[in-house]
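Engineer: There's a structure below that I have some questions on.
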Amino acid sequence: MQGLNLLQDLAILLLVAGAAGLLCKRIGLSVIVGYLAAGMIIGPHTPPFSLITDGERILTLSHIGLVFLMFGIGLNLSVSKFGRMGAGTLVATGLGAIGVLVLTQLLGAVAGWTSLQSTFVAAMLMVSSSAVIAKVVAEQKIMHERPAQTALAVTVLEDVVAVAMLTILTSQVVAGAGESGGLGRALGAMSAFVVVLIGAGLLLIPRLLRRLETRTSPEMQTVIVAGLLFALALVAAKAGYSIALGAFLFGAILAEIPQKRAFERAFRGLRDVFSSVFFVSIGLMINPQSLVGVWPTVLAITAFALVARPVACSLALIAAGMEPREAKRAGLLLTPLGEFSYIIVQLGVTAAVLPETFYPTAVGASILTIFALPLVCRQREKIVGFIERIEPRWITRTLAAYHDWLSQVRDRPATTPLWRLLRPRLGQIAIEALFVSGLLIYAESLLRAVAGLIPAVDHRTVAYGFWSALVILLLVPVVAMWRNASALALLTAETWGGGRLPSAAIENALKGIALVALVTWLYLLLPRSQFDWAGWLFLALGAAVVTFLFSRRLVYWHSEWQTSVREVLADRRADAGELRAEARAALDRNFGRWDVAVAEIALPAAAAAAGRTLAQLRLPADFGCAVLEVERNGRPLYAPAGDFELSAGDTLLVFGPAERMSEARRFLERVADLAPESATFGPAVLGACEVGEGPAVSLAALPADAAAVRVVGIERDGRRIMTPPPDECLLRGDRILLLGPVDNIRRFERWLARRRHAGPTSAVHSVAEHA
């Protein structure tokens, strides 16, 4: 019986994976290493026999594991998190990936690899293991050092780079093209696909979940979200990309909505189980005997990774503005290869781009780099000192001069008034252009899918109906692009106009250029073979009529879409808390003479009231209290009905007699609340500055920009003052130790820079790096 065989295989797989993972965790290795070892132990290549009878079905289940793995990674990343990391970290991550690609291409030229093989190996080396780095950083007790914080931020963003490379390489393999031109087209098409999927997801998914939240149970919400997860993975596969991209984007969309934590808890168990199946399935394909034959290659790849990754990442961080010495420290922490290395190598071997020996090569190199990280971390000061001793002086002087120049540039006024007006509109035009490009690129695939759903209708009729609806949809962003382009032309003309060239002439010329560019771009993207010239003329006339008659409505729809996306990306929890506070204050003022009270009661985890409806709780009958509002995941739900089902973590706004309110609270809070989950990396970091010339200022009198961090230490004339009191003054020559979030330390540095430039002889010098 095949069903029983599958159950037997799963039982063996999970038990062996659990034992191997537990052993690896005990000796300080990542559990992923244990999963890979478990796959080799039970796989078909291990004598005397294979413990797995149905390897094909295990490989099929591994695709589910990949979906849940990428979904979990996407949940931990969001647009708002990217903003908190800062533009410097984003730039450094991209430059580091490019540096690894260039160095690997040079290695490939020496080793005799093809360009596509070198790209696969570079993609394998581009991403580090965030789990391993976080574990080692915590064990070495350097979590609050700026280099460690920067390394953790970079390794999180490297997951995005890995997803992009995996998607691009998948499209390259499917298309059978590996040239640079094909790579550029693939990157552009993928960007358009991502913008379309995220734009539609941020518009539709939060609305759907809000409806589900008030009408269904948490169980049904989880089931529906799981269905959407697999549907988006399938959409990505149908578009010619990896299922990993669809799952990752769906997780990134859910990361921006208040229900994120609830779904993260709901899917954690499934993710852990199926992710282990995925990594064990990779181990199934590895022949342990092949490790003997590839150990020179493993050592070579490991040595290359231990040198190329720190060099590329350190230079990228320096280019992004980090102090050279601290950039080298951060680069040394980014050496261990991550789980994406296995996924990318699996794609390369499956597509016959890489030989099968790259499976054990990738596993061996990953294990060796993981083993090397604790040693590198303990000896990082000696390694950095050795690098500085052997580094040519002209390189050291060049890097220091570049850092000083970049610091001076940052201290200048950021942008001109014109650029501050133009930049937001240019960004909107870029996003709208990618959205329209994505719809047009995948229009024919969408048409085939729609035609397959209604085979009884003539294909030409379906095509005209589909394109008529699509043209109306496209008019919304196209009209917005034209309005933004017109505004840019007007702003530029008003700034540069006058003299020989009047403002009106400049504005009309820029509008003409924008119109020609817009029409040419649409013409190149349209699938012209879909209709003859008469058909396209009919659609163009229809679009012109709709634009003329309903231009205001199109602008309104675009504004509604922008508002919906902004509401999703904005953190609404503070607003909800303010609304609750205002409502409670108003009730206290108006009903205080009636001896009633209003209280917020949070349901703890595993509360007895969770899973029960308000009618079943009988609060009015037993306590004389009524529930006015339920706050769930940061969103208030007003006047809930009696059939509303409560969940753990809900916050209830309860109204009733003052003397019974304490009884109602004890009834609802019968289980103690759980401690919040720890973040991936903490917000507080350490920084050091040196105070130059200027008037003495006490800590209590620091301006708002400087008081955003805590001064935890002052070094003066060889004497250290730890946790100085508020009346302590900052004097010339003091070295101060700061503690606070990265953004606040930057504000303190900018305040010091303003003091430095205030006087001609000021010598304030900040040595704290910029993340």
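Engineer: Would you mind finding the one in Ala236, Ala262 that is part of a helix (DSSP H, G or I), surrounded by fewer than 23 Cβ atoms within 10 Å (Cβ to Cβ) and more than 14 Å from the chain's Cα centre (by Cα)?
Structural biologist: It is Ala262.
Engineer: Still on this structure, I have one more. Is it true that Ile513 is without any contact (Cβ under 8 Å) to a residue 24 or more places away in the chain and surrounded by 13 or more Cβ atoms within 10 Å (Cβ to Cβ)? Spell out how you get there, then give the answer.
Structural biologist: Details: without any contact (Cβ under 8 Å) to a residue 24 or more places away in the chain: yes; surrounded by 13 or more Cβ atoms within 10 Å (Cβ to Cβ): no.
No.
Engineer: Among the candidates Ala20, Ala37, which residue alone is over 19 Å from Leu270 (Cα atoms), part of a helix (DSSP H, G or I), in the same structural domain as Ser281 (by TED's automatic domain parsing) and at pLDDT 85 or above?
Structural biologist: Among Ala20, Ala37, only Ala20 is over 19 Å from Leu270 (Cα atoms), part of a helix (DSSP H, G or I), in the same structural domain as Ser281 (by TED's automatic domain parsing) and at pLDDT 85 or above.
Engineer: Search region 454-463 for residues being part of a helix (DSSP H, G or I) and surrounded by fewer than 16 Cβ atoms within 10 Å (Cβ to Cβ), and hand back the single one that is modelled with the highest pLDDT.
Structural biologist: Result: Thr461.
Engineer: Another question about this same structure. Whether any residue in region 48-55 is of a type in the set (S, T, N, Q), in contact with a Leu (Cβ under 9 Å, 6 or more places away or on another chain) and at pLDDT 80 or above is what I want to check.
Structural biologist: Taking every residue of region 48-55 in turn, none turns out to be of a type in the set (S, T, N, Q), in contact with a Leu (Cβ under 9 Å, 6 or more places away or on another chain) and at pLDDT 80 or above.
Engineer: Still on this structure: Would it be correct to say that Ser290 is of a type in the set (Ser, Thr, Tyr) and at pLDDT 80 or above?
Structural biologist: So Ser290 fails the test.
Engineer: So Glu690 passes all but one of these: (1) modelled with pLDDT of 75 or more; (2) farther than 30 Å from Ile714 by Cβ; (3) more than 33 Å from the chain's Cα centre (by Cα). Which condition number does it fail?
Structural biologist: The failed condition is (2).
Engineer: May I pose another question? What single numbered condition from (1) under 18 Å from Ala308 (Cα atoms); (2) surrounded by 19 or more Cβ atoms within 10 Å (Cβ to Cβ); (3) in contact with a Phe, Trp or Tyr (Cβ under 8 Å, 6 or more places away or on another chain) fails to hold for Thr167?
Structural biologist: (1)
The rows are residues; the columns are (1) buried (at least 16 other Cβ atoms within 10 Å of the Cβ); (2) modelled with pLDDT of 70 or more; (3) of a type outside the set (D, E, K, R).
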| residue | (1), (2), (3) |
| --- | --- |
| Val519 | no, yes, yes |
| Leu522 | no, yes, yes |
| Ala534 | no, yes, yes |
| Phe538 | no, yes, yes |
| Ser559 | no, yes, yes |
| Val568 | yes, no, yes |
| Glu578 | no, no, no |
| Arg584 | yes, no, no |
| Trp594 | no, no, yes |
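Engineer: Here is a further query. Just give me the residues in region 103-120 being in a helix (DSSP H, G or I) and touching a residue at least 40 places away in the same chain (Cβ under 8 Å), in sequence order. Step through it out loud before you land on a result.
Structural biologist: So the first thing to find is which residues in region 103-120 are in a helix (DSSP H, G or I), and the list is 103-111, 115-120.
If the condition is that a residue be in a helix (DSSP H, G or I) and touching a residue at least 40 places away in the same chain (Cβ under 8 Å), then Leu103, Thr104, Leu107, Ser115, Leu116, Gln117, Thr119, Phe120 are the ones that fit.
Engineer: Name the pairs whose Cβ atoms lie under 8 Å apart, with the first residue in region 690-703 and not assigned by TED's automatic domain parsing to the domain that holds Asp717, the second surrounded by 15 or more Cβ atoms within 10 Å (Cβ to Cβ) and part of a helix (DSSP H, G or I), and 6 or more positions between them or separate chains?
Structural biologist: Cβ pairs passing all conditions: none.
Engineer: What do you reckon, is Ala504 exposed (fewer than 12 other Cβ atoms within 10 Å of the Cβ), of a type in the set (Gly, Ala, Ser) and modelled with pLDDT of 85 or more? Can you show your working first?
Structural biologist: Working: exposed (fewer than 12 other Cβ atoms within 10 Å of the Cβ): yes; of a type in the set (Gly, Ala, Ser): yes; modelled with pLDDT of 85 or more: no.
No, not satisfied.
Engineer: Same structure again: Evaluate the following for Thr361: is it in the same structural domain as Pro310 (by TED's automatic domain parsing), within 22 Å of Glu145 (Cα to Cα) and hydroxyl-bearing (Ser, Thr, Tyr)? Talk me through it step by step, then tell me what you get.
Structural biologist: Numbers: in the same structural domain as Pro310 (by TED's automatic domain parsing): yes; within 22 Å of Glu145 (Cα to Cα): no; hydroxyl-bearing (Ser, Thr, Tyr): yes.
No, not satisfied.
Engineer: A follow-up question, please. Working carefully through the options Leu284, Leu245, Leu270, Leu232, find the one that is in the same structural domain as Phe71 (by TED's automatic domain parsing) and within 30 Å of Ala111 (Cα to Cα).
Structural biologist: Answer to the selection: Leu284.
The values are calculated or read from the model by the stated rules, or taken from the named source; none is laboratory data. Just so it is clear, the model here is predicted, and its values are computed rather than measured. Positions of Cβ are generated from backbone atoms using ideal geometry, with glycine treated the same way; all protein chains shown enter the neighbour counts.
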